[in-house]
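The structure appears below as structure tokens.
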Amino acid sequence: MNAAFFAIVGAQFFSSLADSALFILCVSLIATLSFPQWMTPLLKMGFVLSYIVLAPFAGAFADRFPKGRVMLLTNTVKMAGCALILAKANPLLAYGIVGLGASAYSPAKYGILAEVLPPRRLVAANGWIEGTTVLAMILGTVLGGVISANPQAIAWLLQLRASLTLPWQATPVGMAVAVIVMTYLLATLLNLPVMHAGARPPHARRTLPALLADFYRCNRTLWRDREGRISLGVTSLFWGSGMVLQVLLLTWAQNVLGLTLDRAAALQGVFALGVALGAAIAGKAVPLVRSLAVMPLGAVMGAGLCAMVWVHSVQAALPLLLAIGVLAGLFVVPMNAILQHRGHRLMSAGQSIAVQNFNENLAILAMTSSYALALQARLRLDTVLVLLGMLIVLVTVGLRGLAAPRRG
């Protein structure tokens, strides 16, 4: 790995860290400023819809300019969302602007890997990216909670502001936003060495019908490609089920294990730590040519979720969630690498990642909606866990079987 790669890893880490911290701050603002509580889930929903609606354009935009420059520009868009909070705008609008930036940042972040690294390095590179992204989400959630709700941290920030000669008046929200903006600025600084990295296609089509037609063609091409079909199906399943599990774990830990909300959130951290460990192991132990060999791990992961119905203590939950997380990291990182490799060969890197984002976020939308319907139908948590686990097992086995080469 070269210095440019580690600059990319650092930039995306701090950008993801700031995204997660800003989400927690917006959730806090909705509660403290007496906005309707139904706005809280809409924060994530707006983020997901940005990826879906803008997918045909985000990939083309990422391919239109050097991807390092796109990462730099989209961080600026995210900082504009922070400025809206300072202007006392609706948190939904502010975080929606951040979602616009993130939807274009992702094709640049992942697409640049296939353009600056050889194929044999892609699994290891994805291990770094996925591991640091999960770590950023954990630390960002902690950071957001500290700067928005911890009295000692807020008091310290206000004291720090009082010791500096600055032209604006200090408020708790203003200082929290300042911390997040500084994090985005750090990501921007790390972007500078790779600002011109990433290839540009010589002929980029600009009209709306051409962009939509090109995106439809790219989506169809990846689903018709054997390896593309497997990897795209797996990553969509992973992110869709992962988003459901993120919410489900909180409820399960409180209702079944009797934990408070903060301790239930710590269980999410154990699962996320497992994903990061699995990603790191995959990056070192699984070469690109052997990536499909990890497919059975998906079925084992699904079986692990089913086994959670027999867990009734924290002591049993911790190792099981850690193991499920490790399996998830080992499972998804090689699939990401295959998808980037095939996408780079079949189309532009930016378009392939935009197609990936489109399908993954459609899966998130479909599976979270299904989870909401399950709650509406008053299904037991144990039943939902088993259904989710069996879905992962069946889809994993089905994808492997359908994608197998035909004989004769």
**Report entry** Among (1) 72, 59, 38; (2) 94, 53, 51; (3) 76, 57, 39, the entry derived from the coordinates for Cα extents along the principal axes in Å
**Finding:** (3)
Query - Partners for LYS78 among aspartates and glutamates (Cα-Cα distance below 14 Å; same-chain residues under 8 apart left out) - result: ASP19
Query raised in the report: In what sequence do LEU373, LEU25, LEU297 fall when counting other Cβ within 10 Å, fewest first?
Result: LEU373, LEU297, LEU25
Query raised in the report: How many angstrom lie between the C-alpha centres of the stretch 175-189 and the stretch 212-265?
Result: 29 Å
Query raised in the report: Under a straight-distance cross-link criterion of Cα-Cα below 12 Å, which aspartates and glutamates are reachable from LYS109, leaving out those fewer than 8 residues away in the same chain?
Result: ASP63, GLU130
**Report entry** Cα-based equivalent ellipsoid, the stretch 1-195: semi-axes from gyration tensor eigenvalues, Å
**Finding:** 30, 19, 15
Query raised in the report: Local charge sum around LEU72 (other residues, Cβ-Cβ under 13 Å, Lys/Arg +1, Asp/Glu -1)?
Result: +4
Query raised in the report: Just LEU92, LEU113, LEU381 to compare: in a GNM of the chain, with alpha carbon springs under 10 Å, which one fluctuates most?
Result: LEU381
Report summary line: With -39,500 (n - 2.57) per DSSP H segment of 4 or more residues and division by the full residue count of the chain, the 222 nm estimate, nearest 500 deg cm²/dmol, is -28000 deg cm²/dmol
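Readers should treat all values here as calculations from the given coordinates under stated rules, not as data from a laboratory. None of the values given here were measured: they were computed from a predicted structure. Cβ coordinates were reconstructed from backbone atoms using ideal geometry, including for glycine residues, and neighbour counts include every protein chain displayed.
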